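The values are calculated or read from the model by the stated rules, or taken from the named source; none is laboratory data. Note that the structure is a prediction, hence the values are computed from the model and not measured. Here the Cβ positions follow ideal geometry from the backbone for every residue, glycine too, while neighbour counts run over all protein chains shown.
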Amino acid sequence: MRLGQQSSNWLRILRRTLFAGALVGMSQFSLAESQYAAAWGPGVGTTAPLLAAADQDGNDQSLETLTRSNGLLFVFNRSVDW
């Protein structure tokens, strides 16, 4: 092999190694994010837990008492500081 071919081969190996390391590193971020999100509550599309609380007039309200013929939109806000 000539010097130019050796240098090119070394750079190709280095590039592939860095690319593989970046893929492994990014997959760890994805796993950490899913574990973090699972600890914060129900996922999208899951059945909401039974909730009940007093409204502004002191009457007890639950998901059943708030649901009407068109359904109910209930939004879980995880945090304002993402």
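Among residues of the stretch 40-51 that are under 16 Å from Asn77 (Cβ atoms), those with a Cβ under 7 angstrom from a residue that is modelled with pLDDT of 75 or more and of a type in the set (Phe, Trp, Tyr), sequence gap 6+ or separate chain, pair up as Ala48/Phe74. Do the conditions hold for Leu63, that is, is it in contact with a helix residue (DSSP H, G or I) (Cβ under 9 Å, 6 or more places away or on another chain) and modelled with pLDDT under 85? Here the answer is no, as Leu63 does not meet what is asked. Of the listed requirements (1) loosely packed, with under 10 Cβ neighbours inside 10 Å; (2) of a type outside the set (Val, Ile, Thr); (3) touching a Ser or Thr at 6+ places or on another chain (Cβ under 8 Å); (4) at pLDDT 80 or above, Ala52 misses just one: (1).
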